[in-house]
């Protein structure tokens, strides 16, 4: 009798926790509907600025500068027929540089932040990798046929249109297009610093839901989840669209660094953090104006 009562109590507890997990998966985020933008073009270049967490105010100015340079570099190098949309997570109204971002060309769209999933609740939700799940918001931009997402620590070195046009031609279904992670040099693992997607609220809701059910290594946050969720389905994009700015890995012949279109200052290699007078890609970042 005691064993039966214990099993009933245990199953009730499990059912309750599963119900909480289901609610947390989607309904915790009321913004599970399309983002409507007064679009001028059918495609958009999109980036993310998250000001959630203790370090946000300290870091925000560096990333505002980086985003301004990103927008200007995209336009100066022949980027055309694209809206520039910046998703802003700013729960405490810390962003003071809206005018600088708008002057550079960004359309600011304020969204909720999406932190670590419930099954990895022990991971920090401060300004860190955990906040990168907010990238899922790009799937809500249904005003556009395609969205080309790039991290805020990227910059455009050459005309991006040939590569983006090719990317749009291969990304036709629900799975994103991404560039092979040139840091790991594994041709089946993709880097989430640059993605091309077809916006879809269905996909957005699926991502919110399954991130709380799938088991994966949470250290790389949304990148690891997307690689697992879309395993075998991700369209491989031209590698020059996402090249580590300090790319000197001779063992990886997947891309010629001299053909780089979008350079990614990933990891700790931010131009504002390192002495880079001898590195041409870093000098390029410092030479790029903000407007």
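The values are calculated or read from the model by the stated rules, or taken from the named source; none is laboratory data. From a predicted model like this one, the values you see are computed outputs, not experimental measurements. Neighbour counts run over all protein chains shown; Cβ positions are idealised from the backbone, glycine included.
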The one condition in (1) buried (at least 18 other Cβ atoms within 10 Å of the Cβ); (2) over 28 Å from residue 205 (Cβ atoms); (3) modelled with pLDDT under 90 that residue 53 fails to fulfil: (2)
Residue list for segment 157-179, filter: farther than 14 Å from residue 260 by Cβ and touching a helix residue (DSSP H, G or I) at 6+ places or on another chain (Cβ under 8 Å): 164, 167, 174, 176, 177, 178
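Quick check on segment 240-269: of everything there that is in a loop (DSSP other than H, G, I, E, B), out of contact with any helix residue (DSSP H, G or I) (no Cβ under 6 Å at 6 or more places or on another chain) and modelled with pLDDT of 85 or more, which residue is farthest from residue 185 (Cα to Cα)?
Filtering segment 240-269 down to residues in a loop (DSSP other than H, G, I, E, B) leaves 242, 245-256, 260-261, 265-269.
Subsequent filtering for residues that are out of contact with any helix residue (DSSP H, G or I) (no Cβ under 6 Å at 6 or more places or on another chain) retains 242, 246, 248-253, 256, 265-269.
Then drop every residue that is not modelled with pLDDT of 85 or more, which leaves 242, 265.
Details: 242: 13, 265: 17 Å.
Ranking the qualifying residues of segment 240-269, first place goes to 265.
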Any hit, segment 75-95, residues being crowded, with 16+ Cβ neighbours inside 10 Å, modelled with pLDDT under 85 and within 23 Å of residue 192 (Cα to Cα): no
Single match in 256, 268 (criterion: without any contact (Cβ under 8 Å) to a residue 40 or more places away in the chain, more than 21 Å from residue 116 (Cα to Cα) and within 22 Å of the chain's Cα centre (by Cα)): 268
Residues (more than 11 Å from residue 140 (Cβ to Cβ) and under 14 Å from the mean Cα position of the chain (by Cα)) located in segment 199-224: 220, 221, 222, 223, 224
